[in-house]
Protein chains: 2
Amino acid sequence: MRAADKVLPEATLGRLTLYLRVLDSLAAEGTETVSSEVLAEASGVNSAILRKDLSLLGTFGRRGVGYEVGVLAGFISGTLGLDRDWRVAIVGAGNLGRALAGYGGFRGNGFRLVALLDQSPELIGRRFADLDVRDAGELETLLPADAVNMAVLAVPGAAAQALCERVVAAGVRNILNFAPVVLQVPPGVQVRKVDMARELQILAYHAGHAGQGGPPGP
Amino acid sequence: MRAADKVLPEATLGRLTLYLRVLDSLAAEGTETVSSEVLAEASGVNSAILRKDLSLLGTFGRRGVGYEVGVLAGFISGTLGLDRDWRVAIVGAGNLGRALAGYGGFRGNGFRLVALLDQSPELIGRRFADLDVRDAGELETLLPADAVNMAVLAVPGAAAQALCERVVAAGVRNILNFAPVVLQVPPGVQVRKVDMARELQILAYHAGHAGQGGPPGP
DNA sequence: CATTGTGAATAAGTTCACAGCC
DNA sequence: GGCTGTGAACTTATTCACAATG
């Protein structure tokens, strides 16, 4: 059975993914237990908040000892829903789409890349990351046929909203958007956004305020 | 002279970048004034918070009318520090690094891509996005020579921490990390992270709780 | 009179600090 | 003794609602 099904705060959710990654690498190097202090440090957060986050999922720490790496990783993974079968399509096989297709982040986490679409005749039929690029014009039939339940939009900003609507019409309710636009979607469809320009801008602001922006003097 | 130099809340900062993007596209289509309601809608936020955000920068709305698109865009841009000369190096010229190099997000926002580095002999010397790939082994001399003040890490997770340290040693204090690891950096160095796996995981969680994860039934 | 700017109310998130347990 | 789990204090962020104003 699944853990307490109360909804987790957004902030907690973001951190759970960090913990999970650290736990996976601890497991890979054979560590069996870890304290909140150590796990928090490696995740770049305060240990009190880590304990609070984990306490929302249930109680599996042992006082005086810490958490069992494997058990905790499995539990976070299950809580996030990574034990389900996530079938991902990447829409847009340009530079970015192809780079994402080749990215290992899918593997071993419940995500399977099952389709790569583009509208350009020059790309359709070419093969990347074990997948043939297929015609985005047939998205409405291709996505349901492959039982896609998550779409990654890696298309130019100008094309994003229209493609998003078609993806939604094809029954996909979970979208990760790499295009630099705010997508408008109907209720019930979730969008998350990855935005390099935004991150650079925030970095620029902080650089101008906290540290020096330029390289150090002599 | 620069606006009120009080430090902006992190949440506001994130939204300013959204407003800026919407304002730029409004300007491109010739719109001259915009109300908080319209701008908020297009940015996907509540209008009250937009007004509160803008009021932190100063007072430039006109009651009964709205905001001047050009003036507001210029002001946000200046506040974020985009009128400075940001010299960006991409470290790692694999699929992702090359895709980022080709990405238009740099142009016209104060960011200039000035170097592309990799350690692989097969890539060094090849040319992408108007730049020759140069030897990451010489990072310590190349970055200062190009007056780089922002680095984008597009390398495998296993290499990221070591490269990060070298980049910092070369005097760069602003880092955008695409590698799936939490970087440990000394105080005064800022890191922001872009993490596709994390976004997919958060999407997975919400899909399992709010909507359906799979495609709709017949 | 439409729309801003903002005080006051509410909600969300973080940190502290320590009792409770292994 | 060491470490978790958590109530209470605090900080940050969002929303409401309306007086002020061009």
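The values are calculated or read from the model by the stated rules, or taken from the named source; none is laboratory data. This is a predicted model, so every value here is computed, not measured. Note: ideal-geometry Cβ built from the backbone for every residue, glycine included; neighbour counts use all protein chains shown. Accessible surface is based on the protein model in full, side chains and every heavy atom, while ligands, DNA and RNA are left aside. Shrake-Rupley method; radii C 1.70, N 1.55, O 1.52, S 1.80 Å.
Quick notes on this structure:
- So A:L56, is it within 11 Å of DNA strand C (Cβ to nearest atom) and either touching a Phe, Trp or Tyr at 6+ places or on another chain (Cβ under 6 Å) or hydrophobic (A, V, I, L, M, F, W, C) (or both): yes
- Of the set (1) away from chain B (no Cβ under 14 Å); (2) assigned to a loop (DSSP other than H, G, I, E, B); (3) among the aliphatic types (A, V, I, L, M); (4) more than 22 Å from B:G102 (Cα to Cα), all apply to A:A162 but (2).
- The single condition among (1) of a type in the set (S, T, Y); (2) under 30 Å from B:L100 (Cβ atoms); (3) more than 8 Å from chain B (Cβ to nearest Cβ) that A:S43 does not meet is (3).
- Among the residues of region B:78-90, the ones that are out of contact with any Lys or Arg (no Cβ under 9 Å at 6 or more places or on another chain) and touching a residue at least 60 places away in the same chain (Cβ under 8 Å) come to 2 in all.
- Counting only residues that are in contact with a Leu (Cβ under 9 Å, 6 or more places away or on another chain), open to solvent by less than 50 Å² (accessible area, probe 1.4 Å) and either in contact (Cβ under 8 Å) with a residue 60 or more places away in the chain or within 15 Å of DNA strand C (Cβ to nearest atom) (or both), region A:4-46 holds 13 of them.
- For region A:59-69, the criterion of being away from chain B (no Cβ under 14 Å), more than 7 Å from DNA strand D (Cβ to nearest atom) and surrounded by fewer than 20 Cβ atoms within 10 Å (Cβ to Cβ) is met by at least one residue.
- Filter result for A:R198 (facing another protein chain (nearest Cβ under 7 Å) and under 23 Å from the mean Cα position of the chain (by Cα)): yes
- Residue in region A:46-55 that is in contact with a helix residue (DSSP H, G or I) (Cβ under 6 Å, 6 or more places away or on another chain), away from DNA strand D (no atom under 16 Å from the Cβ) and either away from chain B (no Cβ under 12 Å) or not aromatic (F, W, Y) (or both) present: no
- Single condition B:G70 does not satisfy, out of (1) away from DNA strand C (no atom under 11 Å from the Cβ); (2) more than 24 Å from B:K6 (Cβ to Cβ); (3) without any contact (Cβ under 8 Å) to a residue 24 or more places away in the chain: (3)
- In a residue-by-residue description of region A:102-118, the property of being buried (at least 18 other Cβ atoms within 10 Å of the Cβ), more than 30 Å from A:L57 (Cβ to Cβ) and either touching a His at 6+ places or on another chain (Cβ under 7 Å) or at the interface with chain B (Cβ under 10 Å from one of its Cβ atoms) (or both) applies to no position.
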